[in-house]
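Enquirer: Pasting a structure below so you can have a look.
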Amino acid sequence: MLKHNISQIPNLKINQKINPSHINSIKILQMSAIELEDYTRLEIEKNPFLISSKKYNETNDNDNIDNYSENINIKEWLYQQSSFISINKWAQKLVEVFIENITSKGFCNLSIKDAAKMTQTTEEQSKYVLNKMKLLDPEGIFSKNLEEHLIFQLKNKNIFNNHYNIIINNLNYVAAGNYKKLAELCISKESEIIKLINNVKSLKPTPIDGFKEEKIDRVIPDFIVEIKNNNINFSLNNINKYEVLIDEKYINETKIKQKNLNIKEAKVYIKNCIAHGKMLQNNLNRRNNTLKLIADKIFIHQKKFFYKGEEEILPLTHKIIAEKTVMNESTISRAVKNKYVKFNHITLPMSYFFTSKTIGEKNNNSAISIKAKIKKIIDSELNKDIIYSDKNIVDILSKQNIKVARRTVTKYRESLNIANSIVRSKNNFIRD
């Protein structure tokens with residue numbers, strides 16, 4: 001006889017639906033300023049009952065906010081790119097003096113020595129900043145002359161050699177068409193020299209050449225930070241650009257017309273447009289309030305940075321800000337993504353203020369702070385006529401209650417593209 005075992009097996013399913021408004025809120029929070037500008041404009045175009053609180057082509061009367069149009073000029077573009085170079089006060093001075101002394105063609109006639117004198121900095125610091133500036137866009141910017149600009153382009157193409165060097169140092173022969181003389185100097189065939197000259201002629205004659213035709217990716221800061229009366233003040237950049245209004249007058253006019261026609265689909269359409277518009281309004285306001293709250297906690301935590309520079313920047317994690325704002329860590333991550341802060345001529349990503357820590361004897365020091373201190377110690381070598389080894393730097397930091405391993409100093413020094421003490425001492429001997 002067969003036995004049938006009948007049993008009940010519970011099958012529970014939890015269906016969770018996320019509110020569309022919440023999804024939209026998250027989407028808006030993590031948008032950059034440019035993405036949000038495009039998004040709100042598109043929403044206004046789609047929804048007939050939405051209007052902008054500010055015309056998009058309206059000029060900004062705030063002197064603290066630069067013109068971020070597509071027709072950005074070369075100096076504004078260079079200031080924007082040089083944010084990470086001009087973290088220190090001395091670097092800010094050098095960046096400004098180099099940019100302001102650039103020629104209309106993009107060449108820099110200001111010598112390292114003169115820039116150092118004008119800013120009361122060292123020649124080593126001046127050289128360091130200029131070398132960094134030469135890596136900015138457009139290619140070859142801050143070259144001393146045509147020859148240096150051409151060599152820079154050839155090196156970027158990985159084709160520069162001694163023959164090119166001879167040709168560029170004898171451009172008068174190129175202009176005169178005296179290829180035979182160049183062939184003699186290069187000890188090469190004239191046909192080969194003509195090929196090299198054609199390559200040189202295909203290069204840009206000036207760094208600015210073609211600059212206007214190149215598309216520039218704009219970076220619009222979300223916050224403007226200023227120090228007034230020894231207090232740190234910040235504000236959302238052009239907040240009105242991201243606000244939308246419900247056109248109540250047009251809604252009432254439309255309702256009256258549809259009431260007479262009594263079309264059900266039209267009523268549903270009007271209702272949905274109004275509901276979506278109010279949702280967008282609320283989510284934009286929520287984004288602004290969330291960003292201001294998070295920024296306030298970040299700037300308070302890193303206030304020493306705004307007064308003294310990157311040497312005083314403190315370790316900071318998303319978790320710390322999440323606890324201070326009573327928010328989720330994922331919310332903090334979304335909020336700071338693709339957001340920027342403008343302070344003086346510096347435009348920094350919000351993520352810059354979040355940095356790992358190096359634990360000292362008494363204080364917690366961030367990796368950025370330690371790097372800045374190492375850079376400062378090495379920069380002081382010229383004035384003291386001393387070359388510090390990584391072990392010497394460890395000892396100096398230890399006296400400041402900052403305990404780091406020698407390998408950590410080596411790692412940070414290399415990340416700053418600074419040579420070791422042996423190479424620096426040789427360079428110092430050659431310079432003398």
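Enquirer: Condition first: without any contact (Cβ under 8 Å) to a residue 40 or more places away in the chain and outside any helix (DSSP H, G or I). Now tell me which residues in region 172-208 satisfy that.
Expert: Listed by number, the residues that qualify are GLY177, ASN178, ILE187, SER188, LYS189, SER202.
Enquirer: Another question about this same structure. Report yes if GLU35 is out of contact with any Phe, Trp or Tyr (no Cβ under 7 Å at 6 or more places or on another chain), modelled with pLDDT of 85 or more and surrounded by fewer than 10 Cβ atoms within 10 Å (Cβ to Cβ), otherwise no.
Expert: When the stated conditions are applied, GLU35 does not pass them.
Enquirer: Within region 317-330, is even one residue surrounded by 14 or more Cβ atoms within 10 Å (Cβ to Cβ) and under 20 Å from GLN92 (Cα atoms)?
Expert: Looking for residues that are surrounded by 14 or more Cβ atoms within 10 Å (Cβ to Cβ) and under 20 Å from GLN92 (Cα atoms), one finds none in region 317-330, hence no.
Enquirer: Given the criteria surrounded by fewer than 17 Cβ atoms within 10 Å (Cβ to Cβ) and of a type in the set (D, E, K, R), does LYS342 qualify?
Expert: Against the criterion (surrounded by fewer than 17 Cβ atoms within 10 Å (Cβ to Cβ) and of a type in the set (D, E, K, R)), LYS342 does not qualify.
Enquirer: Among (1) more than 24 Å from the chain's Cα centre (by Cα); (2) part of a loop (DSSP other than H, G, I, E, B); (3) at pLDDT 80 or above, there is one condition LEU42 misses while meeting the rest; what is its number?
Expert: (2)
Enquirer: Something else: Counting just the residues of region 127-148 that are acidic (Asp, Glu) and touching a residue at least 40 places away in the same chain (Cβ under 8 Å), which one comes out surrounded by the most Cβ atoms within 10 Å (Cβ to Cβ)?
Expert: Filtering first and then ranking leaves GLU139.
Enquirer: Follow-up. When only residues in region 247-266 that are under 14 Å from PRO48 (Cα atoms) and not polar (S, T, N, Q) count, which is modelled with the lowest pLDDT?
Expert: Once the filter is applied, the top-ranked residue is LYS255.
Enquirer: Can you give me the number of residues within region 149-161 that are within 28 Å of the chain's Cα centre (by Cα) and either surrounded by fewer than 16 Cβ atoms within 10 Å (Cβ to Cβ) or assigned to a loop (DSSP other than H, G, I, E, B) (or both)?
Expert: Residues meeting the conditions: 4.
Enquirer: Take PRO48 and tell me if it is modelled with pLDDT of 65 or more and assigned to a loop (DSSP other than H, G, I, E, B).
Expert: yes
Enquirer: Please work out which residue is farthest from GLU248 (Cα to Cα), limiting yourself to region 266-316 and to residues that are of a type in the set (Val, Ile, Thr) and surrounded by fewer than 16 Cβ atoms within 10 Å (Cβ to Cβ).
Expert: ILE300
Enquirer: Looking only at region 204-221, decide whether some residue is at pLDDT below 90, crowded, with 17+ Cβ neighbours inside 10 Å, among the charged types (D, E, K, R) and under 26 Å from the mean Cα position of the chain (by Cα).
Expert: Looking through region 204-221, none of the residues is at pLDDT below 90, crowded, with 17+ Cβ neighbours inside 10 Å, among the charged types (D, E, K, R) and under 26 Å from the mean Cα position of the chain (by Cα).
Enquirer: So, of the residues in region 222-244 that are modelled with pLDDT under 85 and part of a loop (DSSP other than H, G, I, E, B), which turns out to be surrounded by the most Cβ atoms within 10 Å (Cβ to Cβ)?
Expert: Only one residue tops the list, namely ASN237.
The values are calculated or read from the model by the stated rules, or taken from the named source; none is laboratory data. Owing to the predicted nature of the structure, the values given are computational and were not obtained by experimental measurement. All Cβ positions, even for glycine, are placed from backbone atoms using ideal geometry, and neighbour counts span all protein chains on display.
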